[in-house]
Amino acid sequence: MTNILIIIVGAVFVNNFVLSQFLGICPFLGVSKKTETALGMGFAVIFVMGVASLFTFAVNKYLLLPLNLEYIQTIAFILIIAALVQLVEMVIKKFSPSLYNALGVYLPLITTNCAVLGVALMNVEDGYNMLEAFINGVFSGVGFTVAIVLLAGVREKLQRSDIPEAFRGFPITLIAASIISMAFVAFGGLV
């Protein structure tokens, strides 16, 4: 149980893919303009990371390793992630067209979101079993969601603030993301 708790705290706070490892920056910066769309993207990433962790674990353990095909691990993982993202995209388009339109091009970008591939590769590298891999995937997605929703909240507040012209738009977004990232460094001593 302690190991599971360490994985959860590590995935959400200490080893946050966006704020500590700087993976998944494109959707993090692109979809964080509004809290609602950030939350929708976060839930999509949680789902994809969790399910991708299960599938990549199974494919790696029961197919690639027995057949000595570890060298195609990255390609196999990307194919699995792409298929899952297509599934998520179809479901969101069917059940929430407004969220689908708000996410725009960033939803298919989950396929190339290196955080999703990073969690799959990290599961293999750290030697997690299936449960640990799933928990790491889900809570890495939760960490992504926490980060993107925090930045979205800050960006919404910044839109109503008096900011010098040179810092308006993307520059102040990068500064805000940097400050949030520095705040997450304080969690490094937890695990």
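The values are calculated or read from the model by the stated rules, or taken from the named source; none is laboratory data. Every value quoted in this text rests on a predicted model; they were computed, and no experiment measured them. Cβ atoms come from the backbone with ideal geometry, glycine included; neighbour counts cover every protein chain shown. The protein model used for the area step is the full one, side chains on, heavy atoms only, and it has no ligands, DNA or RNA in it. Shrake-Rupley method; radii C 1.70, N 1.55, O 1.52, S 1.80 Å.
Of the residues LEU23, LEU19, LEU39, the single one that is among the aliphatic types (A, V, I, L, M) and touching a Cys at 6+ places or on another chain (Cβ under 9 Å) is LEU23.
Could you look through region 30-71, keep only residues that are hydroxyl-bearing (Ser, Thr, Tyr) and without any contact (Cβ under 8 Å) to a residue 12 or more places away in the chain, and pick out the one that is most open to solvent (accessible area, probe 1.4 Å)? Looking at residues that are hydroxyl-bearing (Ser, Thr, Tyr) and without any contact (Cβ under 8 Å) to a residue 12 or more places away in the chain, I get TYR71. Residues that are among the polar types (S, T, N, Q) and buried (at least 18 other Cβ atoms within 10 Å of the Cβ) number at least 3 in the following helices (runs of 4 or more DSSP H) confined to region 82-185: 130-159.
Against the definition (outside any helix (DSSP H, G or I), small (Gly, Ala, Ser) and open to solvent by less than 50 Å² (accessible area, probe 1.4 Å)), how does SER20 come out, yes or no?
The answer is yes for SER20.
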